[in-house]
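I have placed the structure first, in the form of structure tokens, so that the comments after it can refer back to it.
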Amino acid sequence: MTNSERLRALPSVDVLLRHENVVNLRDHVTQAQITTWVREVVQECREHLLKDQLAINTCLTGWIVDRVLHKANADLGQRLQPVINATGVVLHTNLGRSPMPEQAIRAAENASRYTNVELDLESGRRSKRGHRVMALLAELTGAEDALVVNNCAAATVLVLQALAAGQEVVVSRGQLVEIGGGFRLPDVFRAAGVTLREVGTTNRTYLRDYEAAVNENTGAVIRVHRSNFSLSGFVTEPGIDELVQMERPDSVAVIDDLGSGSMIDMTPYGLEEPNVIDSVRSGADISLFSGDKLFGGPQAGILVGKKRWIEKLRRSPIMRAMRVDKLTLAALEATTEIHLSGKALTELPTLQMITTNPDTIRQRCETLISRINHPDVAKLIPCESQVGGGSVPGFNLASFAVQITGFPPHHLARHLRTGETPVQTRVTDDSLILDLRTVSDSQLPVLATNINAAIANSEIPANTEPVAE
Ligand SMILES: *Cc1c(COP(=O)(O)O)cnc(C)c1O
């Protein structure tokens, strides 16, 4: 019997859909999706038979079911799941920016069932959503009041819209940034219904430029931190402390968009990021920052400042569209408590990783190398890690990495990404690099197992063409 004669033996879609292994996929994917996969694979099988590409004794049902399961696994591999970050980029946007502290994870888990998000347990009355988190944030930053929205971009839109819709907002030309992902400040201004009033030049803006621009049409003055790039050389611009001193109508708020939102002085570690507490102390009407950059918590946009302005934001109709869920509030509350306890550097993974001493990372690398079955392919190298998340541009942290050579790095990287516990690594021209700044000691055994499996599976000899990423 030829392969084309075997076409008649091709199992029907209906029969395949009743196969036990296919039926079991129903726990994770829809029947419609399974049917599509089965039809696609049956068609593939038909083509193979017509081209005589299948061994004559191949079990067709087995061949098809295997490929359907393979498609299902590829799909399930895209589910959100834990990934080991061996890139050394601490705030890795593709990996969800800041990992949360254990306390925040537990708090979010506890809040994921029924929780007192709008209930005062003492009186039994309705309470203001997230009021305790806001009070803690105000206490931490020294501000009169605080408000939380979905992210810092939302916070920017909210302040512009609520305080200056239909009016002008004054901003320095050197601060009209694109934050990333096409999020450009001039577009945000337009979307919020405010007119952009640019002042100064790219490199130099003076206080008098702001003063000259403020008039009866001004709604607000905003300073935006140039998070992801730096200007140096013949450069000047007034600080937030000078902007707040500026002569202006009572209705004009001075806003400080800080971006990364550092709470502690990070200069001993070489990081020059604007500090939220300094911004509040300077007298900014509203200071805003992200919850998942240097604050080290869940994704959120945090606004702190003068009561009168925060109240105005709270009453804005778009506030309701930007409010965060109970999981975020719970995680943020736990993160804020860590900041208040003074233990941020040791208990927030983000700050802890940024401040890890290179020697500790070197030892971690040595432990990993000792667990790799082919010690000659792995070696310790010095490298540089980044803070990431569009913050502290051009600043690198001295670190150590495990470099793996002798295998096509793209193949190895893909094996590691698609293994039991996905691992994201750095790939160079001829090697794979694992910067262990962002890997914890407790992850080393799993990481070693995955590397050993990836090496064992990388049977393709070195120096072949990399696969398309
Ligand atoms: C990162 C950043 C934002 C956007 O924050 P998200 O939390 O990502 O929305 C806004 N402004 C500045 C200055 C930033 O650095």
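The values are calculated or read from the model by the stated rules, or taken from the named source; none is laboratory data. Predicted model only: the values in this text are computed from it and were never measured. All Cβ positions, glycine included, derive from the backbone under ideal geometry; neighbour counts span all protein chains shown. Accessible surface areas use protein heavy atoms only, side chains included; no ligands, DNA or RNA. Shrake-Rupley method; radii C 1.70, N 1.55, O 1.52, S 1.80 Å.
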With contacts defined as alpha carbon pairs under 8 Å and 6 or more residues apart, what's the relative contact order of segment 100-344 in percent?
-> 29
Here the averaged projected area of the chain, based on the convex hull of its alpha-carbon atoms and given in nm², is 29.1
Given only helices, namely DSSP H runs of n ≥ 4 each adding -39500 (n - 2.57), what is the per-residue ellipticity at 222 nm of the chain, to the nearest 500 deg cm²/dmol?
-> -11000 deg cm²/dmol
What whole-number value in Å² describes the accessible area per residue of the chain for a 1.4 Å probe?
-> 49
How far is the Cα center of segment 5-29 from the Cα center of segment 171-234, in Å?
-> 60
Sorted by accessible area (1.4 Å probe), largest first, how do Asp376, Asp241 line up?
-> Asp376, Asp241
How high is the FRET efficiency between Ala74 and Ala456 when r is their beta carbon distance and R₀ equals 22 Å, given to the nearest 0.05?
-> 0.55
Could you rank the peptides 291-297, 397-403 by their average count of other C-beta atoms within 10 Å per residue, with the highest value first?
-> 291-297, 397-403
Roughly to the nearest percent, how much of the accessible area of the chain is carbon and sulfur, given a 1.4 Å probe?
-> 48
Within segment 313-469: Cβ-based charge dipole about Cα centre, in debye rounded to nearest 20 (Lys, Arg +1; Asp, Glu -1) | 820
Expected-Rg normalisation [2.2 N^0.38 Å, Cα atoms] applied to segment 149-226 = 1.05
For segment 66-83, just list the computed ³J(HN,Hα) in residue order, Karplus coefficients 6.51, -1.76 and 1.60, θ = phi - 60°, integers in Hz, with x standing in for Gly and Pro.
-> 4, 6, 5, 5, 5, 4, 5, 5, 4, 5, 5, x, 8, 4, 5, 7, x, 10
In nanometres, the difference between 0.36 nm per residue of separation and the alpha-carbon distance of Tyr114 and Thr58 is 14.8 nm
Given H placed on each backbone N at 1.01 Å, which residues far from Ser262 in sequence or on other chains put an amide H within less than 5 Å of it?
-> Val276
When all Cα-Cα pair distances of segment 3-76 are considered, the percent exceeding 17 Å is 38
Sorted on mean Cβ neighbours within 10 Å (highest first), peptides 163-170, 325-332 come out as 325-332, 163-170
Ordering Cys59, Cys45 from largest to smallest accessible area (1.4 angstrom probe), what's the sequence?
-> Cys59, Cys45
If you plug each phi of segment 421-437 into the Karplus form 6.51 cos²θ - 1.76 cosθ + 1.60 with θ = phi - 60°, what whole-Hz ³J(HN,Hα) values come out, in order, with x for Gly and Pro?
-> 10, x, 10, 9, 10, 10, 10, 10, 3, 10, 8, 10, 10, 10, 7, 8, 4
Quick one: check the C-alpha center-to-center distance for segment 426-452 versus segment 32-49, whole angstrom.
-> 37
So for R0 = 25 Å, FRET eff. of Asn396-Gln245 from the Cβ-Cβ r, to 0.05, ends up at 0.10
Report the relative contact order of the chain, percent, no decimals, based on alpha-carbon pairs under 8 angstrom and at least 6 residues apart.
-> 18
